[in-house]
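Nothing in this text is a laboratory measurement; each read-out follows from the coordinates by a stated rule. Computed from a predicted model, the values in this text were never measured in an experiment. Reconstructed Cβ throughout: ideal geometry from the backbone, glycine too, with neighbour counts over all protein chains shown.
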Amino acid sequence: MTYLVLARKWRPNTWDTVIGQDHVTHTLRNAIIHNRLAHAYLFSGPRGVGKTSAARILAKSLNCENAVNSSPCNECSSCIEISEGRNVDVLEIDGASNRGIEEVRNLRENIKYIPAHGKYRIYIIDEVHMLTMQAFNALLKTLEEPPSHALFIFATTEPHKLPATIISRCQRFDFKRIGLDEIVAHLSKICEAEGVAIDAEALQLIARKADGGLRDSQSILDQLISFSDKHITVEQVILGLGLIDQELFFDLGEAILNKDLAKGLNLVESIVSSGYDIDEFLSGMAEHLRNWLLVRSLKSTDLIDASDDQKKRLGEVADKLEEGDLLRLIQIIIDTRMSLKRVENPRLILEIAVVKMIQMEKTVALQDLLNILGGSAPKVRTREAASAPRAAAPAVSTVAPANTVSPAPKVQSTEQKKNQPITLDSVKARWPEVIRQVKHKKVTVGAFLQEGIINAVDVNGIELAFGDNTGFHIDVIKRAAPLIKDVLLDVFGSSISFRCIRKKGLPTADSIPTSKEEKVQQLEKLENEQPIIQKIIETFDTELVD
Amino acid sequence: MTNRIIGQERIQSLLTSALDKHRLAHAYLFHGQPGTGKDAVALGLAMQLICKQKMPWGCRQCTTCRQILNLEHPAYQFIQPVPSQPKAMKEEKYLEILRERALERIANPYWPVDYHPELTTLPVISINQVRAIKQSVMLKLGGSAYRIFHISQIDKMTAPASNSLLKILEEPPPRTLLILTTSFPGRILATIHSRCQNLHFQGMASETLQSALEDDWKIETQHAQFLSKMAGGSLQRGLQMADKEFDTHRQTAIAFLEASFDDNYIPLLDWVDTNAINNSKADTLEMLALLQALIRDLMQIQLGFEDRVINTHTLPVLRQFMAKHNSFKADIGIAVISQAIDYIEKNAYLPMALFSLSRRLREAGK
């Protein structure tokens, strides 16, 4: 006696043993009991969920001599013959091999003969999507009005390939993918019956790998039983299926966080030498990063498919990378997988990808930057407070110096403006802000205002000096005096008047330096005053061009 | 040439264990990158099951085993993708070519089959081949013999053929074994996957490859070491590279790299004159693949991991180059070469493609 694989041994043969398709079995049983059978059924759904089995059970229960409660007995001659595929009234046809119009013509010839033993003459056409278009069309008339003793059952994984005219003549049942828990429950039942001990987590792993197909899960279990000694552990599942150890993904994640190149390249070495498929490793890593992203954004681990331990560990590291960074890492992997197809030596590509991922500059979230740049003082403080617990993360450490920026100048000024006497220096210091605000309200006025330099500040207000040929400038500024006064009030906190004078031999205004040296000087000054600017220059690797 | 199964200890122990426990399934799908020994194991398993000696992976000596290796045993059928028969060719001639290539493949399962120059169409497994399987599957063999169908490269099976295999794959008669192999499991119907026990063949460790190249193919140690590191776990790739003139290509590649970084155009133009115009497309492609490996080594030097360099022959030259151009961006370098390879494969004009590549490499050095 040769060995029969689990999937065949455990093929369901009664309605009750069909797993996870209650919506189908229930309906069909009721149809049999109430004698409301259609003459054609279409069973569709993914692989390994019970379509062919259900078709056989239906055939058996219709022709069974002593069916109890619409379920076949599996003992009478009819049932046994159907199981062995030699019943003359139940014809199981392989649609993929008998797909031509000739076969359909034969079928039409034979369908008129009444059944030999049972009540019905049943045609089960499996893989029906492979029939040719002519064959489908030749079947249409028969399918619409078959003899009363005939019943068609079509089974297919690809119902979209059937013509609409076929589908509309059938009662269609969509079989569902089988849930993780149902697979686990079924597998543990099999294990018990087969006398095999198995870890709960190993079962989970198998069920996940099976991806909704019960037969897939049985094939995997079969393979593992034949590999291990009566007790299946998680390690054996990983080894037996050649799965990539999840540990590697966590290691790479750690190397990315710590910018540890040596560790990353060692990892490549061990991946290559242990013979993992590089493409598979990359897709696994993408999946890992996706999980990371989900945990990061949702702050929960409910949506991801992973063991409890992995969920916990992901939860611990989740906040250490920004969402944008995770997306960029995933993008690197996607690009790498694309180029993997074009290259002779995949190891090389993996190494480059790992180096890229590790060397990738971590970004600061936009919101954080905005908070630091333009936000009000309390906002900055909450950001500081929020970031304190994850001070170790690189993403945050990039921000850290920026966090020490004194709350935005504007805020400071509103607090201090009332009691500060107006002096030449204080006006000069805040003049750029005035120009900025004026420009914001009216660009032209701002531009002209920029031309002037502050000549003096006294009790009468600010004296602006303009060079030669600037009569028009002064006119415009005078006309816009109310606007400028508003801005001055806003910036200095008190009403300040101003006047414009013309001054000969004044070539340039000092607020816009033209020579390169002056620009550099001013930039340096700005850098010293405002750490954030220094930070920006460093981060974007900018330099003064002109 | 080899008479043994190289590496794949995991697979060997899996299958042995299944045999010992009498739990051999009726259908296996072996998948993994090319050159990992899928067909070698399939053949070995067939011989072990049929051979009277019951030696692990066949004795290769007895009449049965030799019949199998000659493709003359009734219980063993080897099916592989075949090109269609040209109209001008006679039936006998066509069948003879097919048989000859099948025998070559069985003799050396680590080497891919090539039907050129006689047959040029794309090889596929057609529905007719599957129909033949279905017919012979029903025939009874004497005694308790196993009947084995070894279907290689099942990804090359046409859609009708794959679908018509499904029924037989699900419930074959007793004592039938179907072994399917593929390097591209993603291209296979989910319904086929689900009916088989899937075994993933991992790439081979470089030590395994090195010893196989040295012992079985008599390649000298240093070259074998280099090949095993370049092969990325695939014996087939290692073998395909074995005959290439790496030293010449390496010199050419380095000259190209140096000319690209010369401020003067003359060396580059000279290089293009002598190489791009005289060399064949295949040579150039090999040279570029090697250039990628060299650039990968440059990156290792840049990062301070000199011990990881693969092209140890050229370490001093590479070190020198890196000292001069320490801001070279290896990732961009490799990417632009990949693109150039792509262009050249699509028949770009060689001197032009190489010249443009040279400029882009230089960009990567800035």
**Message:** Strictly over 32 Å apart at the Cα level, which of A:Lys299/B:Lys329; A:Lys503/A:Lys525; A:Lys312/A:Lys356 would you flag in this model?
**Reply:** A:Lys299/B:Lys329
**Message:** Cut-off is 10 Å between beta-carbons; in what order do A:Val491, A:Val438, B:Val113 appear when sorted fewest neighbours first?
**Reply:** B:Val113, A:Val491, A:Val438
**Asked** Within chain A, what percent of beta bridges assigned by DSSP are antiparallel, to the nearest 5?
**Response** 20 percent
**Asked** Can you give the angle from 0 to 90° between the axis of helix B:281-302 and the longest principal axis of chain B, with both taken from C-alpha atoms, to the nearest 10?
**Response** 70 degrees
**Item:** Loop GluC sites (Glu not before Pro), the stretch A:71-166 (other Cβ atoms within 10 Å of the site Cβ: 16 or fewer; DSSP)
**Value:** A:Glu75
**Prompt:** For A:Lys485 and A:Arg36 in one chain, what is 0.36 nm times their gap in residues minus the Cα-Cα distance, to one decimal in nm?
**Reply:** 152.7 nm
**Complete:** By Cβ neighbour count within 10 Å, fewest first, A:Cys76, A:Cys191 rank A:Cys76, A:Cys191
**Request:** Report, for the protein assembly as shown, the % of DSSP beta bridges that are antiparallel, rounded to 5.
**Result:** 15 percent
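How long is the gain from A:Ser297 to A:Phe540 if the chain were fully straight, where each residue apart is worth 0.36 nm and the alpha carbon distance is subtracted?
84.8 nm
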**Prompt:** Just counting partner chain Cβ atoms within 10 Å, what average do the residues of peptide A:275-282 show around their Cβ?
**Reply:** 5
**Complete:** The relative contact order of the stretch A:195-247, taking Cα pairs under 8 Å that sit 6 or more residues apart, comes to a percentage of 43 percent
**Request:** Calculate the spin-label point distance for A:Thr165 paired with A:Asn528, positioning each point 7 Å from the Cα along the beta-carbon direction, and give it in nanometres.
**Result:** 8.9 nm
**Request:** For chain B, with a Gaussian network of springs between Cα atoms less than 10 Å apart, report the residue from B:Ile219, B:Ile11, B:Ile332 with the top mean-square fluctuation.
**Result:** B:Ile332
**Request:** Check the straight Cα-Cα distances from A:Lys439 and name the aspartates and glutamates below 16 Å, setting aside those fewer than 8 residues away within the same chain.
**Result:** A:Glu451, A:Asp486, A:Asp490
**Fill in**
Expected sort for A:Leu241, B:Leu288 with the fewest Cβ neighbours (10 Å cutoff) up front is A:Leu241, B:Leu288
**DSSP-defined antiparallel bridges as percent of all bridges, chain B, nearest 5** = 5 percent
**Asked** Where in the stretch B:272-312 is the amide nitrogen less than 20 Å from a point lying 7 Å along the Cα-to-Cβ axis of B:Ile332?
**Response** B:291-304
**Asked** Using Cα atoms only, what is the angle between the long axis of helix B:91-107 and the major principal axis of chain B, expressed in degrees (0 to 90) to the nearest 10?
**Response** 70 degrees
**Prompt:** Normalised by the residues of chain B, what does the relative contact order come to in percent, with Cα pairs under 8 Å and at least six apart?
**Reply:** 17 percent
**Prompt:** Between the stretch B:171-239 and the stretch A:167-221, what is the C-alpha centre distance in whole Å?
**Reply:** 29 Å
**Asked** Taking the simple approach of a point 7 Å from Cα along Cα-to-Cβ for both B:Ala323 and A:Asp458, what is their distance in nm?
**Response** 7.0 nm
**Prompt:** Which distance in Å, rounded to a whole number, links the C-alpha centroids of the stretch B:317-364 and the stretch A:37-75?
**Reply:** 64 Å
**Request:** For B:Trp57, enumerate residues with amide H under 5 Å from its amide H, sequence gap 5+ or separate chain, H modeled in the peptide plane.
**Result:** B:Gln48
**Item:** Global geometry of the stretch A:212-251, whether rounded, prolate or oblate, following the gyration tensor of its Cα atoms and the 1.5 cut on a/c
**Value:** oblate
**Message:** Using helices alone, I'd like the mean residue ellipticity at 222 nm for chain A: each DSSP H run of four-plus residues gives -39500 (n - 2.57), total over residue count, nearest 500.
**Reply:** -17500 deg cm²/dmol
**Item:** Estimated FRET transfer efficiency (B:Ser13, A:Ala193; beta-carbon r; R0 22 Å; 0.05)
**Value:** 0.25
**Within straight-line cross-link reach of A:Lys60, lysines at Cα separation under 30 Å, skipping those fewer than 8 residues along the same chain** = A:Lys9, A:Lys51, A:Lys112, A:Lys119, A:Lys141, A:Lys161, A:Lys176, A:Lys189, B:Lys134, B:Lys140, B:Lys167
**Asked** For chain B, which longest stretch is free of loop sites, where a loop site is one of the GluC sites (Glu not before Pro) that DSSP puts outside H, G, I, E and B and that has at most 15 other Cβ atoms within 10 Å?
**Response** B:246-366
**Item:** Under 17 Å from the Cα of B:Lys21 - aspartates and glutamates, other chains or at least 8 residues apart
**Value:** A:Glu194, A:Asp222, A:Asp229
**Asked** Using a basic spin-label model with each label point 7 Å from the Cα along Cα→Cβ, how many nm lie between A:Lys119 and A:Glu75?
**Response** 2.0 nm
**Message:** For Cα pairs less than 8 Å apart in space and 6+ apart in sequence, what is the mean separation divided by the residue count of chain A, i.e. the relative contact order in percent?
**Reply:** 9 percent
